[in-house]
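Q: Starting off with a structure, shown below.
The values are calculated or read from the model by the stated rules, or taken from the named source; none is laboratory data. Values in this document were obtained by computation on a predicted structure and should not be read as measured data. Cβ coordinates were reconstructed from backbone atoms using ideal geometry, including for glycine residues, and neighbour counts include every protein chain displayed.
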C-alpha cells in the first residue's frame with residue numbers, strides 16, 4: 001500500500017461499511033466494481049487518491065479517518081468502534097479489539113444493547129489473550145441479572161462462552177453446575193429445543209467425560225442428538241457429534257470416533273467456520289494417534305493443517321492444543337528435540353490460566369524429557385501435571401499421568417517410586433469416580 005494508506009485500511013473500510021449497513025455493491029455505487037471493493041477489503045489492492053475520496057464521501061467520513069492517518073475516536077459512533085473491535089478479533093488481534101471495546105465503555109453509552117455488546121467483546125478479547133479468569137468474570141457479571149424470561153433465553157450464547165472459559169480453567173464441576181442450572185431454567189421456560197441449548201448440553205457432556213463419568217456423558221449426548229434431530233439443526237448436531245467422538249475414543253471405539261468426527265468436520269468446513277474446523281481437526285488427529293497402532297503420518301497432516309489455520313486466524317490457546325499433539329507426534333517419530341520444543345511452545349501459547357491443557361502439555365513435555373534422558377526434570381514435570389489434573393478432578397487423565405510416571409521410574413530402576421506412582425494412578429480414579437457419582441445424578445430428560 002502507498003505511504004498515505006495505513007496498513008489497517010482494509011479493516012477500516014470494512015468496519016465503516018458494515019457499521020452503515022451497506023453492502024459492497026452499495027459502496028461501489030456503480031463507479032467501482034464489487035470485486036474491486038472486495039479486493040480492497042482483503043488488502044490486495046491499493047486505492048488511488050480519487051478512489052479514496054469517493055469512498056470517504058459514500059461512507060460519510062474523512063479521507064484521513066478512512067486511511068488511518070487520524071483516528072477520530074471522539075466523534076466516531078459507537079457502532080463503528082464496535083465494528084472495529086469485532087474485525088480486530090477476526091483478524092487475530094485481540095489486544096486491539098480490547099482497546100476498541102474499552103473505548104466504547106469509557107464513553108458510557110446510554111444504550112444498554114451497545115454496553116452489552118461492548119462488554120461481550122471485551123470478554124472475548126480477554127479470553128483470546130489467555131486471560132480466562134477476567135473473561136469468566138465479565139460473562140458472569142453480564143449474566144447475573146438475566147436469570148429468567150426471554151432475555152435469559154437470548155443470552156444462552158453468553159452462557160456457552162462463560163462455561164468454555166471455565167472449562168479451559170479446569171473448573172469442570174463449575175461447568176456442570178452452571179450448565180445444568182441454565183438448562184433447567186431453559187426447561188422451565190419451554191425453550192429447550194434451541195441450537196444454543198443443545199450446544200450447551202454438549203459442553204456439559206464434555207465436562208462429565210473429562211471427569212471420567214463417561215456414562216453420564218453418553219446419556220447427555222444421546223439426549224442432545226435427539227434434540228438436534230427434532231429441531232433440524234446441523235450445527236447443533238455437529239456439536240454433539242464432536243463430543244460424542246471424544247467419548248467413543250475414550251472407550252476405545254476408534255473407528256466410530258473417526259466417523260463421528262469426520263461427519264462433524266464436514267459440517268464446519270461447509271459452514272466456513274474456520275476456527276471450529278481447525279479445533280476439530282486437532283481432535284481428529286488425537287483420535288488417529290490413539291488408534292492401535294497410532295496413525296502417525298495422518299495425524300501429523302491433520303495437526304499441521306490445523307496449526308496453519310489457527311496461525312492465520314489467531315487463537316493462542318487453540319494453537320497450544322495443536323502443539324501439544326505435535327510434541328507427541330514428534331516423539332513417536334523419534335525426533336526428541338522437536339518434541340521438547342513443541343511442548344515448550346505449547347506451554348508458552350497456553351499462558352498461565354488454561355490449567356487443563358497446560359497439564360496435558362506438561363505430560364507431553366515430561367515424556368519428551370524422559371526420552372532425552374533428562375529423568376530428573378521429567379519426573380518433576382510428570383508429578384506436577386498429575387497433581388494439577390487430580391486437583392481439577394480430571395481423574396482419568398491424572399491416572400494416566402501417574403501411570404506414565406510409574407513406567408518411566410520402572411524403566412530407570414526405581415521400583416519403589418514406580419509402585420508409589422501406580423498406587424496414585426489407581427487411587428485418583430477411584431476418588432474421581434466416587435466424587436462424580438455422588439455429586440451428579442443422571443439428568444431428567446426435558
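Q: Is it fair to say residue 250 is surrounded by fewer than 19 Cβ atoms within 10 Å (Cβ to Cβ), within 19 Å of residue 356 (Cβ to Cβ), modelled with pLDDT of 95 or more and within 22 Å of the chain's Cα centre (by Cα)?
A: Details: surrounded by fewer than 19 Cβ atoms within 10 Å (Cβ to Cβ): yes; within 19 Å of residue 356 (Cβ to Cβ): yes; modelled with pLDDT of 95 or more: no; within 22 Å of the chain's Cα centre (by Cα): yes.
No: the conditions fail for residue 250.
Q: Sticking with this structure for a sec: Could you run through the stretch 295-350 and say how many residues are surrounded by fewer than 16 Cβ atoms within 10 Å (Cβ to Cβ), farther than 16 Å from residue 364 by Cβ and touching a residue at least 24 places away in the same chain (Cβ under 8 Å)?
A: Of the residues in that region, 2 qualify.
To keep it simple, each residue is scored yes or no on (1) at pLDDT below 85; (2) part of a helix (DSSP H, G or I); (3) in contact with a strand residue (DSSP E or B) (Cβ under 7 Å, 6 or more places away or on another chain); (4) not assigned by TED's automatic domain parsing to the domain that holds residue 238.
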{"site": "118", "(1), (2), (3), (4)": "no, yes, no, yes"}
{"site": "125", "(1), (2), (3), (4)": "no, yes, no, yes"}
{"site": "134", "(1), (2), (3), (4)": "no, yes, no, no"}
{"site": "140", "(1), (2), (3), (4)": "no, yes, no, no"}
{"site": "145", "(1), (2), (3), (4)": "yes, no, no, no"}
{"site": "174", "(1), (2), (3), (4)": "no, yes, no, no"}
{"site": "183", "(1), (2), (3), (4)": "no, yes, no, no"}
{"site": "191", "(1), (2), (3), (4)": "yes, no, no, no"}
{"site": "197", "(1), (2), (3), (4)": "no, yes, no, no"}
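Q: Going by the conditions given, is residue 266 crowded, with 21+ Cβ neighbours inside 10 Å, at pLDDT 90 or above and in a helix (DSSP H, G or I)? Steps first, answer last, please.
A: Values: crowded, with 21+ Cβ neighbours inside 10 Å: no; at pLDDT 90 or above: yes; in a helix (DSSP H, G or I): yes.
Against the criterion (crowded, with 21+ Cβ neighbours inside 10 Å, at pLDDT 90 or above and in a helix (DSSP H, G or I)), residue 266 does not qualify.
Q: With respect to residue 219, is the statement that it is assigned by TED's automatic domain parsing to the domain that holds residue 157, in contact (Cβ under 8 Å) with a residue 24 or more places away in the chain, in a helix (DSSP H, G or I) and surrounded by fewer than 22 Cβ atoms within 10 Å (Cβ to Cβ) true? Before the answer, list the steps.
A: Values: assigned by TED's automatic domain parsing to the domain that holds residue 157: yes; in contact (Cβ under 8 Å) with a residue 24 or more places away in the chain: yes; in a helix (DSSP H, G or I): yes; surrounded by fewer than 22 Cβ atoms within 10 Å (Cβ to Cβ): yes.
Taking the combined requirement at face value, the residue satisfies it.
Q: Take the conditions under 27 Å from residue 317 (Cα atoms) and buried (at least 19 other Cβ atoms within 10 Å of the Cβ) and apply them to residue 117. Does it pass?
A: Numbers: under 27 Å from residue 317 (Cα atoms): yes; buried (at least 19 other Cβ atoms within 10 Å of the Cβ): yes.
Yes; evaluated as a whole, the condition is true for this residue.
Q: Check residue 371 against each of (1) over 27 Å from the mean Cα position of the chain (by Cα); (2) touching a residue at least 60 places away in the same chain (Cβ under 8 Å) and name the one condition it does not meet.
A: Single failed check for residue 371: (2).
Q: Which one of 302, 283, 277 is farther than 16 Å from residue 326 by Cβ and part of a helix (DSSP H, G or I)? Before you say what the answer is, go through the steps one by one.
A: Numbers: 302 fails: farther than 16 Å from residue 326 by Cβ; 283 fails: farther than 16 Å from residue 326 by Cβ.
Being farther than 16 Å from residue 326 by Cβ and part of a helix (DSSP H, G or I) holds for just one of 302, 283, 277, which is 277.
Q: Among (1) in contact with a helix residue (DSSP H, G or I) (Cβ under 9 Å, 6 or more places away or on another chain); (2) assigned by TED's automatic domain parsing to the domain that holds residue 166; (3) outside any loop (DSSP other than H, G, I, E, B), which single condition is residue 226 missing?
A: All conditions are met except number (1).
Q: Is it the case, given these coordinates, that residue 153 is part of a helix (DSSP H, G or I) and modelled with pLDDT of 95 or more? Even if it seems obvious, please write down each step before you answer.
A: Numbers: part of a helix (DSSP H, G or I): yes; modelled with pLDDT of 95 or more: no.
The answer is no for residue 153.
Q: Out of 345, 358, which single residue is farther than 24 Å from residue 174 by Cβ, at pLDDT 90 or above and outside the structural domain of residue 134 (by TED's automatic domain parsing)?
A: On the way: 358 fails: farther than 24 Å from residue 174 by Cβ.
So the residue among 345, 358 that is farther than 24 Å from residue 174 by Cβ, at pLDDT 90 or above and outside the structural domain of residue 134 (by TED's automatic domain parsing) is 345.
Q: Got a number for residues in the stretch 286-298 being assigned to a helix (DSSP H, G or I) and either under 17 Å from residue 250 (Cβ atoms) or not assigned by TED's automatic domain parsing to the domain that holds residue 342 (or both)? Explain how you work it out, then say what you get.
A: Just the residues of the stretch 286-298 that are assigned to a helix (DSSP H, G or I), to begin with: 286-290, 296-298.
Pick out the ones that are also either under 17 Å from residue 250 (Cβ atoms) or not assigned by TED's automatic domain parsing to the domain that holds residue 342 (or both) and you get 286-290.
Residues meeting the conditions: 5.
Q: If residue 103 meets every condition in (1) in contact with a helix residue (DSSP H, G or I) (Cβ under 8 Å, 6 or more places away or on another chain); (2) surrounded by fewer than 17 Cβ atoms within 10 Å (Cβ to Cβ); (3) in contact (Cβ under 8 Å) with a residue 24 or more places away in the chain apart from one, which number is that one?
A: (2)
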